[in-house]
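Peer 1: Below is one structure. I have some questions about it.
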Amino acid sequence: MAVCIAVIAKENYPLYIRSTPTENELKFHYMVHTSLDVVDEKISAMGKALVDQRELYLGLLYPTEDYKVYGYVTNSKVKFVMVVDSSNTALRDNEIRSMFRKLHNSYTDVMCNPFYNPGDRIQSRWALLPVSASSPGPLITW
Amino acid sequence: MSPTQWDLPVELCCRPMAFVTLTGLDVVYNAVHRAVWDAFCANRRADRVPISFKVLPGDHEYPKCRPKRTSYEWYIPKGILKTGWMNKHLNLVPALVVVFYELDWDEPQWKEKQSECATRVEIVRQSLQGRNTKVAVVLIQKKTPLPPGEDVIASERAAALCNACELSGKSLFVLPHTDHLVGYIIRLENAFYEHAQTYYYTEIRRVKSHKEFLNKTTHQLLFVRHQFKIAFFSELKQDTQNALKNYRTAYNLVHELRAHETNILEIKTMAGFINYKICRLCFQHNTPLDAIAQFRKHIDLCKKKTGSAELSFEHAAWMSKQFQAFGDLFDEAIKLGLTAIQTQNPGFYYQQAAYYAQERKQLAKSLCNHEASVMYPNPDPLETQTGVLDFYGQRSWRQGILSFDLSDPEKEKVGVLAIQLKERNVAHSEVIITLLSNAVAQFKKYKCPRMKSHLMVQMGEEYYYAKDYTKALKLLDYVMCDYRSEGWWTLLTSILTTALKCSYLMAQLKDYITYSLELLGRASTLKDDQKSRIEKNLINVLMNESPDPEPDCDIFAVKTAQKLWADRISLAGSNIFTIGAQDFVPFVQCKAKFHAPSFHVDVPVEFDIYLKADCPHPIRFSKLCVSFNNQEYNQFCVIEEASKANEVLENLTQGKMCLVPGKTRKLLFKFVAKTEDVGKKIEITSVDLALGNETGRCVVLNWQGGGGDAASSQEALQAARSFKRRPKLPDNEVHWDSIIIQASTMIISRVPNISVHLRHEPPALTNEMYCLVVTVQSHEKTQIRDVKLTAGLKPGQDANLTQKTHVTLHGTELCDESYPALLTDIPVGDLHPGEQLEKMLYVRCGTVGSRMFLVYVSYLINTTTEGKEIVCKCHKDETVTIETVFPFDVAVKFVSTKFEHLERVYADIPFLLMTDLLSASPWALTIVSSELQLAPSMTTVDQLESQVDNVVLQTGESASECFCLRCPSLGNVEGGVATGHYIISWKRTSAMENVPVIRTVITLPHVIVENIPLHVNADLPSFGRVRESLPVKYHLQNKTDFVQDVEISVEPSDAFMFSGLKQIRLRILPGTEQEMLYNFYPLMAGYQQLPSLNINLLRFPNFTNQLLRRFIPTSIFVKPQGRLMDDTSIAAA
């Protein structure tokens, strides 16, 4: 369960941001945007160290009082950012990883859509969520 | 209560140091005492022991010690920690009192002085009654002391003095006032430090001893208090490890206390204090992770302890302070060498502190919104008798009351009201901004540009709430471009909305217009109704009217703003604003596109300006002008309509000057380029679009180059990537995305209407005058003037080619080095329509290889375009690549007179030089003549006549010559002897008579000349006949200056009988010749081996028969016998 998911283009503009409707959307936009600082830093460190390039999961980007922000970067430098409620201790690293993998799969599906032009903002609010989630709820679940 | 009640007390934040007081020093009037005091105070660096010194008079009254409690049974504590306690032990109760006294060991009035000193010590002791404070005496002496043990009087008197003062020997010190004062002082203070440590040790023991009397029910507070005291004394003792341990225990005890609304503040205050101490010590011990973990634990434990709902802003304030204090500690540790990282730096704590400060502001706003008529209670419930609280974290109106029930609800209500009213006066925004700017500074340091921008936005918004619009605007404007460049439109829109409010409230025209332009644009995520409102306001502003106020603005601020706007209207002055579009995303987009990447000078230059508006309603513009790099064209590209101000509102969608939202408008411009600009680039430097008009207010949107704003490059990239099919539009409309900016074009010369032909016979032959016939024919309708021809080697090729290529118009003479490689601007005259002219060019190529030749014909012609007469310069060029080859190959060889190949020639002995000239030219060559120019070292044997005169060689044919030469003896020449030159004069067979003959000089190879001692040549007929005598005469010539002994023998051969000397030994005199005559008688027909002549020179063993064979024939053809014999044989058959 995440309170916000975001897909960021290689050039760092948002392709898709969706957050729980109960909260201030702008706050999550800012949170995702600021997390790119850490993502950028991690990516550049990755380039330097030439660590296992296939590891796409960046881990916890930074904690705030109320939320935890996780990151993931694809090989084409598209970034996924997920914001999770800090109080939700049930979410372990493994769950986060699998959520990112699902998100990556959904994103791949969007990319496979012949009517989608890579780099365009993803217009459909539900594009990256599974069918079961397509009713407006407080939290984003897979 | 002061507004800074949340600040941690100074005595908590300082580093506790042992407190030692110095008495008996007169630092004002006594220079020696002054020097001693200065030595204690000055240069207290880290290497000195941590003591805080204070000079006090000898009779100073120290705080009274309360009588010792014998039992805790009936004692009920009133609070956790007294507010004065820390200060008392830091600055009031010393660990050691030092009595300074001037006394030398040889003092004559020793007795009196001794008793005076004892009195002084006694006074100090009196004042410290009941305390464990140590006392020490320092004798200031004028003389340098003798080494210990030597001064008998000194040790006696020292013992006596100790006795009189009731001091142990360890507490008596001597301070000789000599040169090494600082050294003595350092030794002294080390000794003081030991005493102080002993004092604090006993204090810790004393506090610990209370523990056993306590019980868990009534003395819970004391557990915390005592633990805190132990920890604090440990710190004073500089035992930080134990201090940390005790603080941790104290922290746990604090949270074990029963919490209730009435004491929650006290618990939190103490927890905050202890947490601060723990974190501070962890950083000091270089275990920052422990500090962070402790702080997290602290926050998690205290976050929910909000306390009274009416005073919930207090909790937020306290939380904010906790984060700020931790940030300060973290930052301080970094300054002392700790390294922080991007994801763990003080910035996060300042940021969180700022959030709590914001929360505090919000809570205060909702809780403290009392009517103006509510008066501050009198008497002030927050006042105490002493002006301070007795215990940390208690309410002033119920100090020391431990009951959880509110004994006096009325009093409580008044107290809460007082706090709320006080809170109303707090400058929250100031607090928030300070915290945010602290955080900004940190994030800047730790490479978090986006976090920094976000915090700056918050600062800007806070300034907006604080009504400091100038600062707000400055900050917002600064970060806007970051969000714009990264394409975060939602965030940009939010910032712009605030910025628009600020600019409205300050009536900043230009800013107001700029933000409006962008909020109406495609980067704005505002809803259409908002956009409509903004557009309406923008039109109002352009018509020199006031806009409607922005929503959610402070009512009073709006009133002020409306006045400002009214002033703006009446204010005459510059009302034209130019705004550069490249820095933001305005609602009008512009693209300029030349119809072609180049235009001929005789056709008009055409380009389109495409405009598209993204605002919700149509908008008129008053002027559009285009600027070029050559400003002379600007005047042709202006659209202007004298529209009256009131027309702007009218919905003239059909009008040319009106932009309909979403529709692309195309405006065609046309001008005639100047002939001077041929070959130059015409560039659109800017496009200016004026909205509004000059009588009202006017905004000039300025696009640099051919349009495009802050977002368009990314959009163009996306459009280029897209393979989406665009729906078909009516003919006169285009898709905005499909328009590609083309902001420059080349002006090129008029298309020539002449033909240039080249006629020649490739390849060229080296050094020949290669003929290139240029034919120019005019196809123009009118006469062309000033026809000029430029021909020759095309520039830009290998520099060596330029030196080895020569061009001339005159083929009758050979050209030399002085001729150029390129003939420029040869005037050819005028040509009438259809007329043709021919020009011959001769090219001489000195080296083989391919060359590019350029033939360039230029002329002038008069034409008319768009009713303008212009003189056009046209040109046409042709290039041709010509290969140059050697006309022929010359091979030279030396052979003996027997036509045998010679490696070397022998002095004075004739040999043959054979030349072989093989034609490599695809065209027939005529060898006009050849000539052999011999070097002086060579002589000819017979006439040197050319044998190949006027020979015509086809491709692959060869012509050979043979010359008989002799080389006189020269002695030994290194590297051989020059032979001379072979000169061939030739031309193409097809060449005309007047074409000069080319002389090709070939340097003949050097030849090695060798002397031989004996030369033998034979005189013999060219053939023999079976059974017919064959006379052979050998001539033996001595070529040396010696008499030669020669052994000659002739070996018989099967094919011959012979007569003559078969073996002989003879002498040949220098320079003479000996003849040997033999008569050979052939026995067999065919090519037969002659009887071989063997010569052996006794002086020259190197002279071998092999060498000999070179000069004399070894075989001869023998014909069969005559016909007579043949007849008989036939008959026999």
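The numbers here are math on the coordinates, done by the rules we state, and not lab data. As the structure is a prediction and not an experimental result, all values here were calculated from the model. Cβ atoms come from the backbone with ideal geometry, glycine included; neighbour counts cover every protein chain shown.
Peer 1: Set the bar at 20 Å for Cα to Cα. Now go through B:K510/B:K663; B:K82/B:K268; B:K88/B:K422; B:K501/B:K531; B:K78/B:K297; B:K82/B:K422 and name every pair that lies beyond it.
Peer 2: Long pairs (Cα-Cα over 20 Å): B:K510/B:K663; B:K88/B:K422; B:K78/B:K297; B:K82/B:K422.
Peer 1: Continuing with this model, one more query. How far, in degrees from 0 to 90, does helix B:509-519 lean away from the longest principal axis of the Cα atoms of chain B, to the nearest 10?
Peer 2: For B:509-519 against chain B, the angle is about 70 degrees.
Peer 1: With just the Cα atoms of region B:271-337, tell me how far they stretch along each of the three principal axes, in Å, largest first.
Peer 2: Taking the Cα atoms of region B:271-337, the three principal extents are 43, 18, 14 Å.
Peer 1: Could you tell me which of B:N369, B:L953, B:F326 has its Cα farthest along the dipole of the protein assembly as shown towards the positive end, charges placed at Cβ (Lys, Arg +1; Asp, Glu -1), taken about the Cα centre?
Peer 2: Value computed over the given set: B:N369.
Peer 1: Continuing with the same structure: When you look at the Cβ of every residue in B:344-350, what mean number of other chain Cβ atoms sits within 10 Å?
Peer 2: Counting other chains' Cβ atoms within 10 Å and averaging over B:344-350 gives 1.
Peer 1: Taking the alpha carbon gyration tensor of region B:712-836, what are the square roots of 5 times its eigenvalues, largest first, to the nearest whole Å?
Peer 2: That gives 50, 23, 13 Å for the three semi-axes.
Peer 1: Sticking with this structure for a sec: Roughly what angle does helix B:312-335 make with the longest principal axis of chain B, taking Cα atoms, 0 to 90 degrees, to the nearest 10?
Peer 2: Compared with the principal axis, the helix lies near 50 degrees.
Peer 1: Near B:K143, which lysines are there with a Cα under 20 Å away, not counting those fewer than 8 places off in the same chain?
Peer 2: B:K111, B:K113
Peer 1: With a 10 Å radius around each residue's Cβ, average the other Cβ atoms per peptide and rank B:836-847, B:40-51, highest first.
Peer 2: My ranking of the peptides, most packed first, is B:836-847, B:40-51.
Peer 1: Let me ask something additional. Roughly what percent of Cα-Cα pairs across region B:516-643 reach past 25 Å?
Peer 2: 43
Peer 1: Please report the net charge: other residues with Cβ closer than 11 Å to the Cβ of B:R785, K and R +1, D and E -1.
Peer 2: -1
Peer 1: May I pose another question? Could you work out [θ]222 nm for the protein assembly as shown from helices alone, using -39500 (n - 2.57) per DSSP H run of at least four and dividing by all its residues? Round to the nearest 500 deg cm²/dmol.
Peer 2: -10500 deg cm²/dmol
Peer 1: If the cut-off is a Cα-Cα distance under 17 Å, which aspartates and glutamates reach B:K1119, setting aside same-chain residues fewer than 8 apart in sequence?
Peer 2: Counting by Cα, and skipping residues close in sequence, B:K1119 has these aspartates and glutamates nearby: B:E1028, B:D1054, B:D1127.
Peer 1: Sticking with this structure for a sec: From the C-alpha gyration tensor of chain B, pull out the three semi-axes of the equivalent ellipsoid (sqrt of 5λ each), sorted largest to smallest, in whole Å.
Peer 2: 116, 62, 26
Peer 1: Once you have the Kirkwood Rh of region B:859-1017 from its Cα pairs, apply Stokes-Einstein at 20 °C and 1.002 mPa s and quote D in µm²/s.
Peer 2: 112
Peer 1: When all alpha-carbon pairs of region B:93-141 are counted, what percent fall beyond 18 Å?
Peer 2: Percent of Cα pairs beyond 18 Å in region B:93-141: 33.
Peer 1: Summarise the partner chain shielding of B:479-491 as one whole number: the mean count of Cβ atoms from other chains within 10 Å of each residue's Cβ.
Peer 2: That average works out to 4.
Peer 1: Report, as an integer, the average count of C-beta atoms from other chains found within 10 Å of each Cβ along B:715-725.
Peer 2: That average works out to 2.
Peer 1: What do you get for Rg/Rh over region B:38-192 if you use C-alpha atoms and the Kirkwood form of Rh?
Peer 2: Expressed as Rg/Rh, it is 1.05.
Peer 1: Amide H of B:I909 versus every other amide H placed in the peptide plane: which residues, excluding those fewer than 5 positions away on the same chain, fall under 5 Å?
Peer 2: Correct list: B:C967.
Peer 1: So if I average 1/r over every pair of distinct C-alpha atoms in the protein assembly as shown and take the inverse, what Kirkwood radius in Å does that give?
Peer 2: 44.9
Peer 1: What does the charge count near B:K142 come to, summing +1 for each Lys or Arg and -1 for each Asp or Glu among other residues with Cβ under 13 Å from its Cβ?
Peer 2: My count for the surroundings of B:K142 gives -4.
Peer 1: Next question, about the same structure. Compute the angle between helix B:240-256 and the longest alpha-carbon principal axis of chain B, please, reported from 0 to 90 degrees and rounded to the nearest 10.
Peer 2: Here the helix axis deviates by roughly 60 degrees.
Peer 1: On to the next question. If all Cα-Cα distances of region B:171-306 are sorted into 10 Å bins from 0 onward, what percent lands in each bin, rounded to whole numbers?
Peer 2: For region B:171-306, the pair-distance distribution reads 11, 32, 27, 16, 9, 4, 0.
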